[in-house]
1. I'd like to check one number: the per residue accessible area of the stretch 88-152, probe 1.4 Å, reported in Å² as a whole number.
2. Could you tell me, in Å, what Rg and Dmax come out for the Cα atoms of the stretch 59-165?
Amino acid sequence: MRVRFAVAAAVMSLAFSVAAQSVAAQKEMHIVHAKGSFDIKMTPAEATDFEKANDIARLTSDKTWHGDFEGVSHGEMITGSTASSGSMAYVAIERMTGKLNGRQGSFTFSHRATMMKGDAPSAGELSVMVVPNSGTGELTGLTGSLIIHIDAQGKHTWTFDYSLS
């Protein structure tokens with residue numbers, strides 16, 4: 001009986017310790033809200049026969065970022081569309097290099113988006129997330145998600161909610 005009680009006490013002690021560490025980790029995680037704009041240059045890549053036959057395009061992107069992130073990024077995007085409905089989707093990988101609120105380093109974004117024909121430029125579903133463990137320098141441990149806003153004149157602005165562990 002004493003052994004069972006000792007084991008139960010040890011398990012409960014361990015559970016309380018893990019819970020306390022989890023609460024402490026959550027308190028340490030501080031979400032920062034950053035914002036700014038970017039200028040973008042998209043360059044189409046040479047289409048393969050498969051891409052031509054299936055309404056798929058590849059593009060490279062070069063961006064200059066302004067605001068709470070000052071720097072540049074380079075990426076590659078693959079888009080797909082449907083001729084019948086005009087719907088489209090894209091996926092992209094983008095490597096960022098610069099300063100985020102004064103912290104120097106680099107990291108990678110992963111993009112995934114869909115939209116319907118006739119939607120406003122900012123409509124549709126968009127997910128832009130920091131690739132886990134991609135941060136370098138003072139941005140090591142960076143996590144977060146980016147939202148891109150496109151106004152009626154085509155100006156791109158962004159908001160980025162992130163944390164550094």
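The values are calculated or read from the model by the stated rules, or taken from the named source; none is laboratory data. Remember, it's a predicted structure, so these values are computed and weren't measured experimentally. Heavy atoms of the whole protein, side chains included, go into the accessibility calculation; ligands, DNA and RNA do not. Shrake-Rupley method; radii C 1.70, N 1.55, O 1.52, S 1.80 Å.
1. I get 53 Å² per residue for the stretch 88-152.
2. In order Rg, Dmax, the Cα atoms of the stretch 59-165 give 14.6, 47 Å.
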